[in-house]
Amino acid sequence: MDKIVPKLKELIAERGILKSVLASKIGITKQSLYNMLGGNTAISIENLQKIAIALDVPITYFFDSTIPTSKRKASENDNQIPLSHEMEELQHKFELLTIENKGLQKELESKDKMIALLESVLKSQVSVLPEKKDWTDKIVEELEIHHHNSDSIPFLIMETKETGFLAMVKGIYAFIAYNHMPWKYNDYESWVAIAPILKEKIFFCKIYSIRKDPLKIILDGAIPQFKKAELEVGESYEGIVVKIVDSGLFIDIGIHFEWRCGSLLGFLPRMYLGRSKPIHFNIRHALNVVYNGLNVEGQLVFCKDMESYKWHLGTAKELIGQTTWAKVIRRQSSDKIEYYVQGKYRA
């Protein structure tokens, strides 16, 4: 069982899946998943089965070290893999657990149907309410009061638009431009990259303007509303690639805190990418990075992994003057030869 967590971390990184998305797929909280990955909570066989289904691998992948990394997807021959005694016991326990939980599953399915029905009714009511002029007039009057008093009120991001977001405030549609959001990016491309991820997120704003005929409400979210993020050097954080340049990657780790601390934009220099290059990544690519501190300009700086971080700290300097081994790689595209000391540090 001690090999499960490392293999799971490796598989999550390879799939490029957000931990929050994986947690949602298997029906647990994001914090519970972090506890599992950190070794603070044991991974039950039931959750392991759900994780295997979510990541499209056989459950035997986590127990059998002979399964190649390049062949993690289930195939028709997966059932032919011989099971260890430990695996047989785990599968037997899982089958018993499944039988015992049938009644509970039926009850949950019934509740899910009821919740879906209630949501449908509520949505139909919301769609009808804006058509009632008296209700709309009342809400607009309330918003005018908020506007006059410069009150802070919550808004929900509904959809992305070319220059901002369609939002909802007090049940009425409104618009908030990128340059009026609670944080700023230096370029339009970064907003295009991050915008789809912010759908259904809630932030706070003030009413910037109201026009009644036709009704048009503009929001301003550039107000204090975030708590300070406590970052620790050497710790790993979940991030999203928002911009790619020749010298490295711009990464926002605000998603690690579910945007409760706003945007936390930093830079991952090309030299700290290890064997990877910026062109190997895509916009909105999810990856874990190691916080390396601030540069002279006060910008967050990241490393791709702990090996890159140790190299930056000078850990590899202890190898100077020592005889050791190196991995030699020849690139077929250019016949270029690369050397990696102890298979980690690029020479």
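The values are calculated or read from the model by the stated rules, or taken from the named source; none is laboratory data. Just so it is clear, the structure is predicted and the values come from calculations on it, not from any experiment. Cβ coordinates were reconstructed from backbone atoms using ideal geometry, including for glycine residues, and neighbour counts include every protein chain displayed. To get the accessible areas, we keep the full protein, side chains included, count just its heavy atoms, and leave off ligands, DNA and RNA. Shrake-Rupley method; radii C 1.70, N 1.55, O 1.52, S 1.80 Å.
Does a label point 7 Å from the Cα of residue 139, set along Cα-to-beta-carbon, have any residues of the range 166-188 with amide nitrogen under 16 Å, and which are they?
166-176
Students sometimes get this wrong: rank 134, 151 by accessible area, probe 1.4 Å, all chains present, largest first.
Listed by decreasing accessible area, they come as 134, 151.
Answer rounded, prolate or oblate for the range 142-295, using the Cα gyration tensor with square roots of eigenvalues a ≥ b ≥ c: rounded when a/c is under 1.5, else prolate when a/b is larger than b/c, else oblate. Please report the intermediate quantities before stating the final value.
Numbers: a/c = 3.05, a/b = 2.08, b/c = 1.47.
It is prolate, given that a/c is not under 1.5 and a/b is the larger ratio.
Could you list the GluC sites (Glu not before Pro) in the range 206-246 that lie in coil according to DSSP, counting only those with at most 14 other Cβ atoms within 10 Å of their Cβ?
Numbers: sites: 230, 232, 235, 238; in loops: 230, 232, 235.
Sites meeting the loop and neighbour criteria: 230, 232, 235.
Which of 170/212; 9/30; 161/184; 7/199; 243/327; 138/201 have a Cα-Cα distance over 21 Å?
Details: 170/212 16 Å; 9/30 14 Å; 161/184 17 Å; 7/199 31 Å; 243/327 32 Å; 138/201 26 Å.
7/199; 243/327; 138/201, as the Cα separations exceed 21 Å there.
Would you mind getting me the FRET efficiency between residue 156 and residue 230? Use the beta-carbon distance for r and R0 = 25 Å, nearest 0.05.
On the way: r = 28 Å, r/R0 = 1.10.
After rounding to 0.05, the efficiency reads 0.35.
Excluding residue 161 itself, calculate the net charge of residues whose Cβ lies under 14 Å from the Cβ of residue 161, where each Lys or Arg counts +1 and each Asp or Glu counts -1.
Values: positive: 199, 216; negative: 159, 162.
Residues close to residue 161 contribute a combined charge of 0.
Just flag the trypsin sites (Lys or Arg not before Pro) in the range 1-53 sitting in loop per DSSP whose Cβ has no more than 12 other Cβ atoms within 10 Å. Show your work: numbers first, answer last.
Numbers: sites: 3, 7, 9, 15, 19, 25, 30, 50; in loops: 3.
Answer by residue number: 3.
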